[in-house]
Structure formats: C-alpha cells, structure tokens
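> Before I ask anything, here is the structure I am working with.
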Amino acid sequence: MFRAAVFLSTILAVLVGGCPSPTDGQGDSQRGEPGAEGPTTGGELLKGPGFSLALPNGLTLRETDSPHPGVTYWRYYLEDGGARAITVQVITGVGGVPALEEVDQRITGAVTTASGDFLLVGRLATQGGFSFETQAAVGVLSDGSTLVVQVAAPVITGADELIAVSVFASISLEQTDGYALQDRWAALSPQVLAHVGDDVIVLSDGGVWSLYSDNTFTEASELDSWNVNDGVVAQVLSDPGEAEAGALLHVGHWTPVEMYKVGTATELSIEAVGRESIDLSDGTSWIVGTTIAQSVKDGDLVFLFRHGDRVSFVFAKSGRSLTDPARVVHDDNFRLVLPSGANTSVDDFAAPAGTLVSQVFLDAAGVIYGVFVVPPTSATSTVAFENFQSRVIGSVQTASNDFLLVFRFEIDEAEALGALGELADGTGLWIYVVADQIDGNVELKGDSIFRSVSLIGTNGNALKETLQGEADKVLVKGDTGIVVLSDYSAWTLKLTPTPNDIAEFGRLHTGDSVFLQTYRLETSLNEIAEIVGAERWAPIEVKSIGFAIRTTIAAITAPNQLRLSDGSTWTFGATVPPGWNPGDEVMRVASSILAESLILTKTGQTLDFY
C-alpha cells in the first residue's frame, strides 16, 4: 500500500493537534491572546493566497499565527458559544497526498465546488488533552501548496456536516483547473489488476480485497464499476478485528466501499505454459481447466493468492483471473493432479515410515491428500496388503495407461483410500485420500487423482508384474463352486453372495494368479476372506471350507468304486464317471460337516459324498 505525505495525519494532525479547543466557553485561545484581526460576525468572503471561500455567520477569529512549521497561512475561527471551530490553512511542501494507514482517519468522499474545483473530504477523531472530531476538505493550490479547511466539534452532527458542506462547496481555487489533487492520486495510487468473481479485487500493489457478506447493493455496484487500470485508494480502518478492514475508493468516483483484506498476492513468473497448464517460478504447477490464451508466454508475470480455501491467479499482462486451478504434484518419476480446491499444505501429517518424499494437502471439506515416495522394499504386495491393515479393493489403469493398486485402510481413527504404483527407479508411489468417512464424493475425488497419475520412464505395469510374480495360484476350481489355492486352502462363495461376487467368481479359472486377504471371522469355524484376482483385482468375498488333501487315483477297484493313493476308497452311486483314470490328480475337500467332495484337477468335475 502506498504511504505518501499527509492529509489527515500530518495535515490534519498539524491542523487538529495544535488547535485550541472548540469547547472553550470563554473563547480564549490555548496559545494565549486572540489574533490580530479581532472578532468578526462571519458570513464574509475569506480571500487567501490562491483561494477564496465563504464563512458562515457567528464566528470569531481567534488566531492568525500558525502554531505549526510549514503552515504559511492560518485562520482559526470559533463559533459564538464555543461549540464549533473552523480552521483554514495553507501548508507548503506536502502536495495534498494523505497517509492512508493512520488509525481513525478516513477519506469519506470528495466535493466538486461551485467553481468546479476538486476537494477530498475526510473525517478524523483525535484523542489528546482535548477530544473532538473534524470534517476536513483538502485541495491543491496553483503553486503546489495544500489548502486544508476544517470544521471541528466535540461530535460531528448533521448540522456540522451541513455547515462543512456549505463551506467546502464555496471554495474557489485560483489559476488552476482544480484537479491537481486527484491527478496526484491517480499517479500514485495502485491500480485495479483484476476482478475475481463478484466480490474480490486485486490491486497492482498485490493487495487482495473482498466485499463483506453484508455489503450494500450500492457498494457492490460501485465495486463492479471499477475497471482494470483504474486507480484505487485503499485505506485501513480502525479496529480491524480478525481481518484487516478497510474502505476502498475509486480515484474519480470517491465513493467508499467497505472491504477486508484477504491477503497479498505473490508475484511469480511463468516458467512454462501449456494448453491448459502452467508451471510457475515457485515450483508449483497448475491445471486451469480451460484453454490458456496464446498471448500468455513464458516469462509473463502472474499474481497468485489465496482467498479462504480457494486459490486464484491473475495474469498481470491482461488482468484475466482464474480461480480454483487444480494443483499438479510431480517430480522426475511421476505426475498427478489433485482435485480442484486441494491447495492448503499440511505439515504435521504422519507419513509412512521411511518416506523419501512427502507432500500433503487439504481441501475445504477437510479431506487430506498425501503423496509419498517410499523405498523400493515398500513397493511390494507385502506392504500393500499388510500395512495399516489395508484391504485391496481394486485397481486403476490411469489415463497414461499405468497400473495402480487401490486399497482401503484406517489411519488415526479416519478412513482412507490409497493407491500404490511402482516408479522407474524401483521406489513406490503412495497416494492417500483421508477423510472422517469415505463416502461417494470422497471416492470420486480419489478416483480422479488416481486416474490422473502418469508414471514417467516406465511401462507403468511394473507393480502389476511384481505382484503377479508373488501371487498364489488357483490349483483347481471345481464345477460346484469350490476353489483350492496353492497353499491348499479351500474356499467357496458365502451363502448369500452379491451379484458382483457371483460374476467375479465365475471369471476365476484354474491356474489364475490370486491374492487372499483375511477379512473377518463370522464364527471360529467360518472364516470370511476375500480372493483378489491378480488381473482384474476385484475382491470376491468367500468363506473357508478348510484345506484340501492332494492325492491321485490309485486304481478303479470296481465299476462304481475307486481307491485313492492315500488308501481311502470311494463308492459311486452308479459307475465311476468317464475320465476318472488311475494316476489322475484329485483334491479331497471336506465341503461341509456332513459331506466331502472329490475334485478331478484336470477338469474341475466335482462329486459330493455324504
């Protein structure tokens, strides 16, 4: 914010700070004797060096000698009864530019006088050996000196304002177009850089200001009328509270608009610009969601700022603004795009042990997004299935055709979605989406991030190939719905499977690579788990039916009977089915408490025995 010479501090402090009290009932000056010009009845035309004005009736001239250095002309009038004072002074070497950051001082508007001259009008409350308020008008004379006319009272009332307006409107500045003060403001004030939406404005000094939720329609309309490159005076008000409160005035309109300062925009340069992406000099990259104008070039300046939970940036050259771009997280090995609004960095999130790179962000809904690079030993199925008691729920083939494993887990009493990929150097890329509850909206956010991932310098399927190499195998799938895995555990669908479980179970075949993730125990004898095929990665909820015994057919001992190599004999209702031959492998499974099944491995044909 521009800090210039003084209007209501050095000027009005010069004026007010040394003025005799207007509440002195005797009319005596605090400096001693009355001025040499003696009493006047008022109502006269006062002519000074380069100006004239009309005084109201009922005033007594109290001083003509300035109490302050730099004041070349001074007239102090006290109203009969001492309730109101008027001072007129000319100050050299100031130029009429106010210092806008002084507390309790405020430009309230402007006056164009009857002679067409421009004056700024302001209010100042002071505290000292005496207390009173002032309504003051400031103009610049033809020689560059500053004219200040001031009406002071213990409290400025409507009657005081009417008198002030009458006096101010009567001022005539000689041998000047009367607009020197406004011209100086136009030259020295920051300009409008951009409007962001209907309520936020960015100034060329980097100040970002927003309307309040209860601004009047007049204030909102005034703000809307300000154009890019228009000058704006931003003055800070007293008692700002939590936000820096201010009143902004357009240089030319001079209608105050109460606003609060959101913050200061950071000036950055564009390192690289793409069709819808921008890399900035602070190392951040963004997807803007719209085609960037061809006029935007590398090296152009951009102002980046936050307002609430939102991020916007303004192109300095055009004044065009973009709000809620999507943050891009990247390094030499990967690139991904966070959801729009996930812009706030989080420093105290507990990253996985051994993390090499950690970047964590927060959105307005409180959802946390973590991006981690972990050592090579972590980018394995062991971590994916066992760390944080995680549970694989699927996979994602990203937009760049890279493979990520997707899982759910709990962390710090919150729920989380995660995705795991393997980078070109063998390290693991972990992506977390953490929320109090994973609902449909959070799932969409997670899916958006996961599908945006691009793994650089790899075919993208390294993790998939690693996992398939570590997977169990389906030794046999029986035609009645029993699967035996390579650890000889036997599983079948739950009593009430979902349509998805039925469909995915139907896609399993003998020889498929699978993972088994323990889920829960319904009873001590009924373990519920999930089989995850290492191709489609869709979990299938199954129940345990124990372990299979691997054996072979030793001999056909009768037309309806065979003996296994474990010595057991099995009698069929009719004859031994065709295709069951000596030497064939058979899985022997206790399919229930009352039944046992034989599964012919080469065909999956299953026969139940009670």
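The values are calculated or read from the model by the stated rules, or taken from the named source; none is laboratory data. Quick caveat: nothing in here was measured; it's all calculated off a predicted structure. Don't worry about glycine lacking a Cβ; one is built from the backbone with ideal geometry, like all the others, and counts go over all protein chains shown. Heads up: the accessible areas ignore ligands, DNA and RNA and are worked out on the full protein's heavy atoms, side chains in. Shrake-Rupley method; radii C 1.70, N 1.55, O 1.52, S 1.80 Å.
Here is a yes/no grid of residues against (1) touching a residue at least 12 places away in the same chain (Cβ under 8 Å); (2) on the phi < 0 side of the Ramachandran plot; (3) part of a strand (DSSP E or B):
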| site | (1), (2), (3) |
| --- | --- |
| T518 | no, yes, yes |
| I531 | yes, yes, yes |
| T575 | yes, yes, no |
| M587 | yes, yes, yes |
| L594 | yes, yes, no |
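> From T266, T255, which residue is surrounded by 14 or more Cβ atoms within 10 Å (Cβ to Cβ), under 18 Å from V196 (Cα atoms) and in contact (Cβ under 8 Å) with a residue 60 or more places away in the chain?
Step by step, each of T266, T255 is checked, and only T266 is surrounded by 14 or more Cβ atoms within 10 Å (Cβ to Cβ), under 18 Å from V196 (Cα atoms) and in contact (Cβ under 8 Å) with a residue 60 or more places away in the chain.
> Now for a different question. Name the residues in segment 299-309 that are in contact (Cβ under 8 Å) with a residue 40 or more places away in the chain and open to solvent by 40 Å² or more (accessible area, probe 1.4 Å), would you?
Taking segment 299-309 as the starting set, the residues that turn out to be in contact (Cβ under 8 Å) with a residue 40 or more places away in the chain are 303, 305-309.
The answer is R306, G308, D309.
> So which residues in segment 315-354 are aliphatic (A, V, I, L, M), crowded, with 19+ Cβ neighbours inside 10 Å and farther than 21 Å from G366 by Cβ? Lay out the reasoning, then the answer.
To start, the set of residues in segment 315-354 that are aliphatic (A, V, I, L, M) comprises 316, 322, 326, 328-329, 336-338, 342, 346, 350-351, 353.
Filter once more, so that each one left must be crowded, with 19+ Cβ neighbours inside 10 Å: 316, 322, 326, 329, 336-338, 342.
A316, L322 - these are the residues of segment 315-354 that are aliphatic (A, V, I, L, M), crowded, with 19+ Cβ neighbours inside 10 Å and farther than 21 Å from G366 by Cβ.
> Inside segment 126-222, counting only strands (runs of 3 or more DSSP E) that do not spill past its ends, which hold 2 or more residues that are at pLDDT below 90 and more than 30 Å from R320 (Cα to Cα)?
Ranges flagged: 131-140, 146-153.
> Does any residue of segment 404-419 turn out to be within 24 Å of the chain's Cα centre (by Cα), surrounded by fewer than 17 Cβ atoms within 10 Å (Cβ to Cβ) and either assigned to a strand (DSSP E or B) or polar (S, T, N, Q) (or both)?
Yes, because at least one residue in segment 404-419 is within 24 Å of the chain's Cα centre (by Cα), surrounded by fewer than 17 Cβ atoms within 10 Å (Cβ to Cβ) and either assigned to a strand (DSSP E or B) or polar (S, T, N, Q) (or both).
> Can you tell me which residue within segment 357-377, out of those that are out of contact with any Phe, Trp or Tyr (no Cβ under 8 Å at 6 or more places or on another chain) and closer than 20 Å to L463 by Cα, is modelled with the highest pLDDT?
For segment 357-377, the residue satisfying everything is P375.
> Is there a residue being surrounded by 15 or more Cβ atoms within 10 Å (Cβ to Cβ) and hydroxyl-bearing (S, T, Y) anywhere in segment 574-591?
Taking every residue of segment 574-591 in turn, at least one turns out to be surrounded by 15 or more Cβ atoms within 10 Å (Cβ to Cβ) and hydroxyl-bearing (S, T, Y).
> Further question: Give segment 317-340 a look and list any residue that's of a type in the set (D, E, K, R) and free of Cβ contacts under 8 Å to residues at least 60 places away in the same chain, or say none. Break it down into steps so the answer makes sense when it comes.
Applying the first criterion (of a type in the set (D, E, K, R)) to segment 317-340 yields 317, 320, 324, 327, 331-332, 335.
Across segment 317-340, the qualifying residues are K317, D324, R327, D331.
> Then there is this: Report, by residue number, each residue of segment 460-470 that is out of contact with any Gly (no Cβ under 9 Å at 6 or more places or on another chain) and either in contact (Cβ under 8 Å) with a residue 12 or more places away in the chain or more than 14 Å from L404 (Cβ to Cβ) (or both).
Here is the first cut: in segment 460-470, the residues out of contact with any Gly (no Cβ under 9 Å at 6 or more places or on another chain) are 461, 464-470.
Matches in segment 460-470: N461, K464, T466, L467, Q468, G469, E470.
> Looking only at segment 355-364, count how many residues are open to solvent by 50 Å² or more (accessible area, probe 1.4 Å), in contact (Cβ under 8 Å) with a residue 40 or more places away in the chain and closer than 17 Å to G308 by Cβ.
1
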